[in-house]
Amino acid sequence: MRSSIRWPQAVVFDLDGTLADTADDIHQALNHVFEANTLASLDVAAVRQMIGGGPRTLIRKTLCELSIEPDTDRVDQLSREFLISYVQQQNRFSTLYGGAEACLEELASAGIRLAICSNKPDEFCRQLTADLGIFDRFHVIKGSVAGMPLKPDPATLNVVLNQLGVSRDEVLYVGDSETDVRVARAAGVSVALVKGGYTTTPVDELGADWLVESLAGIPHLCRKYEIA
C-alpha cells in the first residue's frame, strides 16, 4: 500500500449518476406509480435528467413535465408510492459505471478514505451499494434522512466530513451535476465532475475544479499530487 499521497486524504462520492447508473430502476418505479394513478408516463431519457434532488423533487419535476400542478398532497402521495415501488425494483437494473470498481480499489490501496454523500434515502444508498458489491469500500455512507436538508445544502456532507475526520482542504468531492458543485462549494471542499451523469447542463459549464471523462480519471487526478 502506498503512503505517499499528499492530497486528497479522502474522496466523497455522489451515488446516482456518479458511481451507479440507477436510471432504469427509477424510471420503472416512477412509471409504475404514475400509470397506477392514471397519469402519463415518461421515457427513461426524460427521467434521467430529473434524478438527483431526492424522491420528492423527482415527483415534482415529473408532474411539472406533464403540466400537472405539483400540489403538496399529490406530491406526498406519489412520493410514498414511488418509494414502495422503488424498493420492489430491488436494484435489478442498476449497474456500476465502467471503471467504478477499479477506481475505488486504487483509491483504497493508496490509503485514501472513501465516503458517499447522496440525496438518495439513506437506507436505499446502503442497499444499493450492498447489491452492487461495494458497500465495504466506504468508511461513511450517508443518504437523505428526515429532518436533514438535501444537497446542495451542506448539512449531510458536513456530517460525512466530520465522521471521516479529515480537514476540508484534504477532501475531493466527486459528482456529476450542478448540485454536486454547489454542495462542495458550500462545504468548502474541492470538486471534480464525471462526464455522462444526470445533468441537463454540460458539465464543463458547471464550474467544477476538474472534469474527468470517466471514473478512471479520479485516481489519475489523485496521483498528480503524490510526493516523490
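The values are calculated or read from the model by the stated rules, or taken from the named source; none is laboratory data. These numbers come from a predicted model, not from an experiment. Virtual Cβ from ideal backbone geometry, glycine too; neighbours counted across all protein chains shown.
Of the residues making up segment 193-218, those that are more than 21 Å from residue 150 (Cβ to Cβ) and in a strand (DSSP E or B) are 210, 211, 212. Scanning segment 154-178 for residues that are surrounded by fewer than 23 Cβ atoms within 10 Å (Cβ to Cβ), of a type in the set (S, T, N, Q) and under 13 Å from the mean Cα position of the chain (by Cα) gives a single hit, 156. If you check 172, 150 for being in contact with a Pro (Cβ under 8 Å, 6 or more places away or on another chain) and not in a helix (DSSP H, G or I), only one passes: 172.
Regarding segment 100-111, can at least one residue be identified that is exposed (fewer than 14 other Cβ atoms within 10 Å of the Cβ) and closer than 23 Å to residue 28 by Cβ? No; the residues of segment 100-111 include none that is exposed (fewer than 14 other Cβ atoms within 10 Å of the Cβ) and closer than 23 Å to residue 28 by Cβ.
For (1) over 25 Å from residue 182 (Cβ atoms); (2) surrounded by fewer than 21 Cβ atoms within 10 Å (Cβ to Cβ), each residue gets a yes or a no:
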site	(1), (2)
18	no, no
22	no, no
34	yes, no
37	yes, yes
47	no, no
51	no, no
55	no, no
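Taken over segment 194-228, residues that are of a type in the set (D, E, K, R) and closer than 16 Å to residue 109 by Cβ amount to 2.
Taken over segment 184-217, the residue count meeting the criterion of being in contact with a Gly (Cβ under 9 Å, 6 or more places away or on another chain) and either hydroxyl-bearing (Ser, Thr, Tyr) or over 22 Å from residue 47 (Cβ atoms) (or both) is 14. Hey, could you check segment 7-24 for residues that are among the small types (Gly, Ala, Ser) and in a strand (DSSP E or B) and say which is nearest to the chain's Cα centre (by Cα)? Checking each candidate, the answer is 20. Scanning segment 179-227 for residues that are without any contact (Cβ under 8 Å) to a residue 40 or more places away in the chain and of a type in the set (Gly, Ala, Ser), we see that the one that is surrounded by the most Cβ atoms within 10 Å (Cβ to Cβ) is 184.
Filter segment 44-84 down to the residues that are small (Gly, Ala, Ser) and under 25 Å from residue 117 (Cβ atoms), then identify the one that is modelled with the highest pLDDT. Let's see the steps before the verdict.
At the first step, the residues of segment 44-84 found to be small (Gly, Ala, Ser) are 45-46, 52-54, 67, 79.
Filter once more, so that each one left must be under 25 Å from residue 117 (Cβ atoms): 52-54, 79.
Numbers: 52: 89, 53: 91, 54: 92, 79: 97.
Across segment 44-84, the extreme among qualifying residues is 79.
Going by the structure shown, is residue 53 in contact (Cβ under 8 Å) with a residue 60 or more places away in the chain and within 30 Å of residue 224 (Cβ to Cβ)?
Working: in contact (Cβ under 8 Å) with a residue 60 or more places away in the chain: yes; within 30 Å of residue 224 (Cβ to Cβ): no.
Against the criterion (in contact (Cβ under 8 Å) with a residue 60 or more places away in the chain and within 30 Å of residue 224 (Cβ to Cβ)), residue 53 does not qualify.
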